[in-house]
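The values are calculated or read from the model by the stated rules, or taken from the named source; none is laboratory data. Since the structure is predicted, the reported quantities are computational estimates derived from the model, not experimental observations. Backbone-built Cβ (ideal geometry, glycine too); neighbour counts: all protein chains shown. Heavy atoms of the whole protein, side chains included, go into the accessibility calculation; ligands, DNA and RNA do not. Shrake-Rupley method; radii C 1.70, N 1.55, O 1.52, S 1.80 Å.
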Amino acid sequence: MSQVTKHHRVLIAGGGAAGITVAARLKRKGPADLDIAIVEPSDAHYYQPAFTLVGAGAYTLDATRKAEAKLIPPGVKYIRGQVKEFDPANNRVKLAGGTTITYDYLVVATGVKLDWSKIEGLRETLGRNGVCSNYSPDYVNYTWECVRNLNTGAKTVFTQAPLPFKCPGAPQKAAYLTADHMNRNGLRESCDVQFFTHAPVIFGVPFFARELVKVAARHKIGVNYQHNLVAVDGAGKTATFERVSDAARGERVTVPFDLLHVSPAQSPHDEVRSSALANAAGWVEVDQATMQHVKFPNVFSLGDVCSTPNSKTAAAVRKQAPVVVRNLLHMMAKETAEKGYDGYASCPLTTAYGKVIMAEFTYGGKVTPTLPLDPAKESAINWQIKTTGLPILYWNYMLKGHEWFPKHNTAFVEPK
Ligand code: FAD
């Protein structure tokens, strides 16, 4: 086992949306010779927000994937590896394989773990028997295969995991696009679409929830609140839910399916959860406005792995990364971190083919649209933004470290 020790001025754990964006921005804003390294185990990087479209046959998986090596900004060292142990008291991490890396500053951007095994029987049947998920590049093509092969009378079931999970709208977006696909192919009247969610509401921001209830009703989707998927019988084609409301807690409900779309429970990776960086729930504990760790001032975190109570989205990363970079540079200049992140997240809700409600909001569910369009309305312009504009923004601007983006409107007043 290797015992090599290396040192980097800035070490970034995770080369996903957050890690690459921070590295690229630091290269633009920091000193030219700033020594930055990214540790990332995967050789492929996915634009995950388009997985919803891939699962609906409106985008290809190939178009979501790029080689990780090609995204590492010039001058940044790419360490192909996985952090196995965070030791922030000693400013070091240990990689699988034994290498130790010490650092002056650490950025933790390791995303979330998909907890498939929390659901009994799911692992064994995922990708077969009509059991699919847009949450993984390994299964998202199978979602579209299942949707396009639906027959008259099909029973379809869509599940939503307990919060927190990435992209709060993704589970219901899959249901809307499937119902619309059925409608366009003359199947809707004979088929059944059921959405089972752990939550007591359809969406966490009431302004958008009011519209989404109407969208679900228009699609004739049965919405079942406070149901948590606990078991799947792939061969028998049944899904079992546990009810989580006070009145019916623990009661089990088993339903048949021809297509089951699962959103898995999500958690921090074990190496984060077990470290001194984690809060009680396992997320990296940072200040929600500065993104600085509450106990280790030379550590920052952003993206899905951090503790901030925003919706876990790439859109949030876009607004968090400049704050992390500014504050890292402040720390290097012996200045204090400044507040800058307001909890912005965006969830383009694909309510049908060609239609999107662009849900944008900050901490506390305050609605903050970027464009001067009615944020409650489904729109074809927003579909173009989702399918064409946002991927360009991601690959060519965000991951290249550009910071100029249109500002969201924090002065927007919700109509009474
Ligand atoms: P990731 O991009 O997941 O990257 C984490 C990286 O860390 C990975 O590359 C991983 O390999 C690496 N890593 C893990 N463990 C370690 C370790 N121990 N050591 C080193 N590296 C490690 N967002 C939107 O804004 N809009 C949307 O419409 C949208 N829709 C979505 C739909 C779906 C189906 C999904 C799955 C996601 C969607 N998202 C959407 C969410 C968005 O993709 C994530 O919020 C975003 O990718 C988070 O970036 P991240 O860098 O924190 O995590």
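Structure above, values below:
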| quantity | calculated |
| --- | --- |
| Most mobile of 331, 182, 358 in a GNM of the chain (Cα contacts under 10 Å) | 331 |
| Choice from 96, 278, 50 showing the highest fluctuation, given a GNM over the chain with Cα pairs closer than 10 Å | 96 |
| Fraction in percent of alpha-carbon pairs per bin - 10 Å, the stretch 1-156 | 10, 30, 28, 19, 10, 3, 0 |
| Where the chain is the region considered: accessible area per residue in Å², 1.4 Å probe | 42 |
| Pairwise centroid distance, computed over Cα atoms, of the stretch 292-316 with the stretch 55-116, Å | 15 |
| Theoretical ellipticity at 222 nm over the chain - DSSP helices of four or more residues, -39500 (n - 2.57) apiece, nearest 500 | -6000 deg cm²/dmol |
| Kirkwood Rh (inverse of mean 1/r, distinct Cα pairs), the stretch 44-121, angstrom | 15.8 |
| Length added when fully stretched, residue 6-residue 201, from 0.36 nm per residue minus Cα-Cα | 65.3 nm |
| Pairwise FRET efficiency - residue 94 versus residue 33, Cβ, R0 = 30 Å, nearest 0.05 | 0.65 |
| The chain: equivalent-ellipsoid semi-axes (sqrt of 5 x gyration tensor eigenvalues, Cα, Å) | 37, 24, 20 |
| Estimated FRET transfer efficiency (residue 235, residue 363; beta-carbon r; R0 51 Å; 0.05) | 0.70 |
| Prolate/oblate/rounded call for the stretch 115-265, Cα gyration tensor, a/c under 1.5 rounded | rounded |
| Sites residue 295 and residue 151, calculated FRET efficiency, Cβ-Cβ separation with R0 35 Å, nearest 0.05 | 0.05 |
| Considering only the chain, percent of DSSP beta bridges that pair antiparallel, nearest 5 | 50 |
| Added length on full extension, which subtracts the Cα-Cα distance from 0.36 nm per residue, residue 220 to residue 384 | 56.5 nm |
| Dipole-positive endmost among 245, 217, 143 within the stretch 115-265 (Cβ charges, Cα centre) | 217 |
| Cα gyration tensor, the stretch 354-398 - rounded (a/c under 1.5), prolate or oblate | oblate |
| Whole-angstrom gap from the stretch 337-416 to the stretch 180-253, using each part's C-alpha centre | 26 |
| Only Lys, Arg (+1) and Asp, Glu (-1) charged, at Cβ; the chain dipole about Cα centre in debye | 660 |
| Degrees, to the nearest 10: 17-29 long Cα axis against longest axis of the chain | 40 |
| Cα-projected label distance for residue 123 with residue 377, points at 7 Å along beta-carbon direction, nm | 4.9 |
| Shape call, the stretch 211-292: gyration tensor on alpha carbons, a/c limit 1.5 | prolate |
| Estimated dipole of the stretch 115-265 in Debye, rounded to 20 [Cβ of Lys and Arg +1, of Asp and Glu -1, Cα centre] | 360 |
| The chain, accessible surface, carbon-and-sulfur percent (1.4 angstrom probe) | 51 |
| Chain lengthening between residue 246 and residue 276 when straightened (0.36 nm per residue, less Cα-Cα) | 7.3 nm |
| Selected from 34, 26, 53 as most flexible by GNM, with the chain as the system and alpha-carbon contacts under 10 Å | 34 |
